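The values are calculated or read from the model by the stated rules, or taken from the named source; none is laboratory data. Not measured: the values here are computed from a predicted model. Cβ: placed from backbone, ideal geometry, glycine included. Neighbour counts: every protein chain shown. Just the protein is used for accessible areas: all its heavy atoms, side chains included, with ligands, DNA and RNA removed. Shrake-Rupley method; radii C 1.70, N 1.55, O 1.52, S 1.80 Å.
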Amino acid sequence: MKRRNIDRQEAPGYLVEMRHVYKTFNRGTINEVVLFTDFDLMIKKGEFVSVVGSNGSGKTTMLNIICGSTGIDSGSIVVNNKDITHLKEHQRASFIGRVFQDPGKGTCPSLTILENMSLADNKGRSFGLTPGIQRRKIDYYRTLLEQLKLGLEDKTNLRVGSLSGGQRQALALLISTMVPIDLLILDEHTAALDPRSSETVMELTNRIITEKGITTLMVTHNLRYAVEYGNRLLMMHQGGFVIDAAGEEKASLGVPDLLKVFNEISIECGN
């Protein structure tokens, strides 16, 4: 199956633009790997994009490039009409929220739920000698926690490290969207959870994204989630896209359709 890049230049209202991106790992060595060659990705404002693909297809690297943890050889990255190609990762974090696969990465385990929420609520603001937690906001935080339907509103003084993986991911998702952001990145955020917790977090994810209208890019290995959630689906292979389906085309796809393409790729690669 031929790898292809898909450039939706005819559609207006982009929030994310990756244009002419080149990325090579271990350049000049026997381990050199050319992953992206003239790679383009355009995401419209308000789109919820699910991304699937085999290991090594470029999914995580794509997320890392957008978030700034991986640099590029050439090309440009634009988010909300702002060229962020040379911005550092911590600078991008002010307008890009990210939930990782590891439940331990999105929160601070040694701090309480309340302290984690207060830190998130003050993201991007300067800190002085005022108290870290404003008592007048505690009721507001509890109201937000109630929406998770996990009983955490009664455990605000509990250290986050004592929560289950599902509870931590739900909290990470909540605090990553507490303040306005341009883009939400979900990096296989249900992969490390048990089936029940995974379903709970995915339902919560969809509710938050829908209610807030957040532009979202979600990488997942769960083909059912990719089919059921979001309004656009991408399948990656060798640094390009072999499926880019949106709207009715995406709605018509089922898990068997994705498996068929995976099998074709597997045969092509000799597996």
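Residues to consider are LYS59, LYS44, LYS88; find the one that is of a type outside the set (A, V, I, L, M), open to solvent by 60 Å² or more (accessible area, probe 1.4 Å) and in contact (Cβ under 8 Å) with a residue 24 or more places away in the chain.
Going through LYS59, LYS44, LYS88 in turn, the sole match is LYS44.
Just wondering, is there one or more residues in the range 164-174 that are at pLDDT 95 or above, touching a Ser or Thr at 6+ places or on another chain (Cβ under 9 Å) and either among the hydroxyl-bearing types (Ser, Thr, Tyr) or assigned to a loop (DSSP other than H, G, I, E, B) (or both)?
no
Does THR216 meet the test of being under 25 Å from GLU248 (Cα atoms), hydroxyl-bearing (Ser, Thr, Tyr) and buried (at least 21 other Cβ atoms within 10 Å of the Cβ)?
Answer is yes for this residue.
Can you pull out the residues in the range 91-119 that are closer than 30 Å to MET235 by Cβ and open to solvent by 60 Å² or more (accessible area, probe 1.4 Å)? Quick ask: steps written out before the conclusion?
So in the range 91-119, the residues closer than 30 Å to MET235 by Cβ come out as 92-93, 95-106.
Hits for the range 91-119 are GLN101, ASP102, LYS105.
Could you go through the range 234-242 and let me know if any residue there is farther than 30 Å from LEU171 by Cα, in contact with a helix residue (DSSP H, G or I) (Cβ under 7 Å, 6 or more places away or on another chain) and in contact (Cβ under 8 Å) with a residue 40 or more places away in the chain.
Yes, some residue in the range 234-242 is farther than 30 Å from LEU171 by Cα, in contact with a helix residue (DSSP H, G or I) (Cβ under 7 Å, 6 or more places away or on another chain) and in contact (Cβ under 8 Å) with a residue 40 or more places away in the chain.
Just for the range 160-180: of the residues that are farther than 18 Å from LYS123 by Cβ and hydroxyl-bearing (Ser, Thr, Tyr), which one is least open to solvent (accessible area, probe 1.4 Å)?
Ranking the candidates gives SER164 first.
With (1) of a type outside the set (Val, Ile, Thr); (2) surrounded by 14 or more Cβ atoms within 10 Å (Cβ to Cβ); (3) touching a Leu at 6+ places or on another chain (Cβ under 9 Å) as the list, and ASN157 as the residue in question, which single condition is left unmet?
In the conditions (1) of a type outside the set (Val, Ile, Thr); (2) surrounded by 14 or more Cβ atoms within 10 Å (Cβ to Cβ); (3) touching a Leu at 6+ places or on another chain (Cβ under 9 Å), ASN157 misses (2) alone.
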